[in-house]
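K.L.:
Got a structure for you, questions after.
Every number in this text was worked out from the coordinates using simple rules, so none of it is lab data. In this text the structure is predicted, and so the values were computed from the model without any measurement. With ideal geometry, Cβ positions are generated from the backbone for all residues, glycine too; neighbour counts draw on all protein chains shown.
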Amino acid sequence: MKRPQLSRFSVSMSRVLAGQLDAMAKAKGYANRSQAVADMVRAHVLEHRAQAGAHEIAGTITLVYDHHRRNIQALLTGLQHDHGDLIVATLHVHLSHHDCMEVLAVRGPADAVKGLADRLTAAKGVTHGKLTVTTTGG
């Protein structure tokens, strides 16, 4: 397998921040600063790309909600059925007597996935919602 060409550039930062970067890189098991910085840049580029467009993304939508809230389960289930083309799988977890967590694995055009995530997280009764984006591998 051919190795990708590397591009070198320098980054200036305070010694304190550089020390914190080194400590984080060591704690996470990176071989060096370059690997840590490349990983952080990759994550931010993916997050930036996820904001809009027709390119394909994959990720998860995590929701926490009070299942005793009137009509919340019907609303969330209805939205999920309406977007079956974007949802690959779901996981439902009982966190407490009142609270449930659902994790939806999603894949599709960035704007459609983001739109679904926005509608689900804005649903009345959802106490926390987050779209996390990753690469489709392509």
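K.L.:
If I compute mean projected area of the Cα convex hull in nm² from the structure I just sent, which labelled value in (i) 17.6; (ii) 7.9; (iii) 11.8 lines up?
P.N.:
Here the calculated entry is (iii).
K.L.:
Angle check, please: helix 15-28 long axis (alpha carbons) against the longest principal axis of the chain (alpha carbons), in degrees 0 to 90, nearest 10.
P.N.:
Approximately 60 degrees, to the nearest 10.
K.L.:
A further question follows. Using a/c under 1.5 as the rounded threshold, could you call segment 56-134 rounded, prolate or oblate? The axes a ≥ b ≥ c are square roots of the C-alpha gyration tensor eigenvalues, and prolate needs a/b larger than b/c, oblate otherwise.
P.N.:
Prolate shape, in that a/c is at least 1.5 and a/b is the bigger ratio.
K.L.:
For GLU56, GLU102, what's the fewest-to-most ordering of other Cβ within 10 Å of each Cβ?
P.N.:
The most exposed by this proxy come first: GLU56, GLU102.
K.L.:
Okay, next question. How far is helix 33-49 tilted, in degrees, relative to the longest principal axis of the Cα atoms in the chain, given as a value from 0 to 90 rounded to the nearest 10?
P.N.:
40 degrees
K.L.:
Let me have the 222 nm mean residue ellipticity of the chain computed from DSSP H runs of 4+ only, each contributing -39500 (n - 2.57), with the sum over all residues rounded to the nearest 500.
P.N.:
-12500 deg cm²/dmol
K.L.:
Rounding to the nearest 10 and keeping the result within 0 to 90°, find how far the Cα-based axis of helix 72-82 lies from the longest principal axis of the chain.
P.N.:
Approximately 70 degrees, to the nearest 10.
K.L.:
Now a separate question. Taking springs between alpha-carbon atoms closer than 10 angstrom, which of SER12, SER34, SER96 fluctuates most in the Gaussian network model of the chain?
P.N.:
Largest GNM mean-square fluctuation: SER12.
K.L.:
So which residue, out of ALA123, ALA31, ALA89, gets the largest mean-square fluctuation from a GNM of the chain using Cα contacts under 10 Å as springs?
P.N.:
Its mean-square fluctuation being the largest, the pick is ALA31.
K.L.:
Can you work out ³J(HN,Hα) from phi for every residue in segment 59-68, in order, using Karplus 6.51 cos²θ - 1.76 cosθ + 1.60 and θ = phi - 60°, giving whole Hz and x for Gly and Pro?
P.N.:
Along segment 59-68, the couplings run x, 10, 10, 9, 10, 10, 8, 8, 6, 7 Hz.
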